[in-house]
Amino acid sequence: MEFLIITGLSGAGKSRAADVLEDLEYYCVDNMPVALMPRFAELCLATRGRYEKVALVTDVREKNGFTELLKTIDELEAMDCSCRILYMDADLKTLIRRYKESRRPHPLATRGMTVEEAVSREAALLEEVKARADYIVDTSRLTLGMLQNRLFALFSGESEKRGLELTVTSFGYKHGIPMEADLVFDARFLPNPYYVDELREMSGLDLPVKEYVFRFPQTREFLEKLEALLDFLIPLYAEEGKLGLTIAVGCTGGRHRSVALASALNDYLVATGRNSVNLNRDIEK
């Protein structure tokens with residue numbers, strides 16, 4: 001069983017790191033008391049493989065925790081648990097700025113103590129733990145996306161960049177815009193197959209409707225511009241750490257134009273190597 005101890009300076013991103021590790025299938029526990037770690041390990045081992053990767057966050061709020069942490073790690077390793085330390089760090093200027101922005105007191109701050117003094121005191125307490133850390137991640141100049149990529153590279157054993165999971169969904173405006181949509185495009189300016197008698201009962205998945213929708217040059221130009229826009233946007237969303245992107249294409253009822261366009265757009269994304277799926281929310285309404 002693998003145990004990853006997440007520790008480091010308050011405000012350096014321990015909870016953020018735990019969120020990312022959950023996406024990497026770690027079972028994460030925040031503010032785990034050091035004294036309970038061996039007992040918790042016993043419970044995990046008793047599940048016989050249910051919890052293979054566990055991340056435990058501990059910080060300076062745990063009284064005398066760092067005095068006992070290294071001893072506890074030795075105890076976990078004696079239980080045949082692989083145990084590593086991820087130390088989250090940041091420079092003094094960044095930590096002070098983060099505390100000013102959050103308006104939260106530093107956990108070591110007492111009346112009359114500045115944030116700078118509290119951070120310095122915490123850093124001194126953590127010197128021994130930092131010296132033994134397997135990984136040190138300085139978040140001073142990292143965006144959330146950069147942090148995700150860094151942790152993904154360290155703990156997934158795969159390439160640094162994560163693939164963005166894309167969903168292209170069609171919808172009808174009369175049924176409301178999908179709440180999960182990140183990008184919304186309106187196809188109501190295109191000629192409507194609903195007003196063609198032989199096409200009315202079909203959907204945008206049927207070939208005659210597709211041929212009708214893409215008969216018009218404005219449809220083809222619109223699709224080309226959407227493809228170019230997504231080619232520009234998708235890498236930028238991935239760089240900022242977004243894990244999923246929902247692209248919604250709407251028409252009046254969500255049965256003809258939007259379905260045909262969403263299907264064609266999804267085909268393009270898949271053909272260009274993206275991880276994309278196509279949904280049609282209102283096609284049966």
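Of note:
- Evaluating LEU205 against the criteria (1) of a type outside the set (Asp, Glu); (2) surrounded by 13 or more Cβ atoms within 10 Å (Cβ to Cβ); (3) within 30 Å of ASP19 (Cα to Cα) leaves one unmet condition, (3).
- Scan the range 77-106 for residues that are in contact (Cβ under 8 Å) with a residue 12 or more places away in the chain and either in contact with a helix residue (DSSP H, G or I) (Cβ under 8 Å, 6 or more places away or on another chain) or among the aromatic types (Phe, Trp, Tyr) (or both) and the total you get is 15.
- Against the list (1) assigned to a helix (DSSP H, G or I); (2) within 29 Å of GLY273 (Cβ to Cβ); (3) touching a residue at least 40 places away in the same chain (Cβ under 8 Å), the condition PHE232 fails is (3).
- Of everything in the range 97-150 that is part of a strand (DSSP E or B) and in contact with a Leu (Cβ under 9 Å, 6 or more places away or on another chain), the residue that is surrounded by the most Cβ atoms within 10 Å (Cβ to Cβ) is VAL137.
- Among the residues of the range 185-213, those that are in a loop (DSSP other than H, G, I, E, B), closer than 16 Å to GLY250 by Cα and either hydrophobic (A, V, I, L, M, F, W, C) or within 36 Å of the chain's Cα centre (by Cα) (or both) comprise ALA187, ARG188, PHE189, LEU190, SER203, GLY204, LEU205.
- Residues being touching a residue at least 12 places away in the same chain (Cβ under 8 Å) and in a helix (DSSP H, G or I) - total across the range 240-280: 12
- With respect to (1) in contact with a Lys or Arg (Cβ under 9 Å, 6 or more places away or on another chain); (2) assigned to a loop (DSSP other than H, G, I, E, B), the lone exception for THR169 is condition (2).
Just so you know, all these numbers are worked out from the coordinates, no wet-lab data involved. Quantities reported herein were computed from a predicted structural model and do not represent experimental measurements. Backbone-built Cβ (ideal geometry, glycine too); neighbour counts: all protein chains shown.
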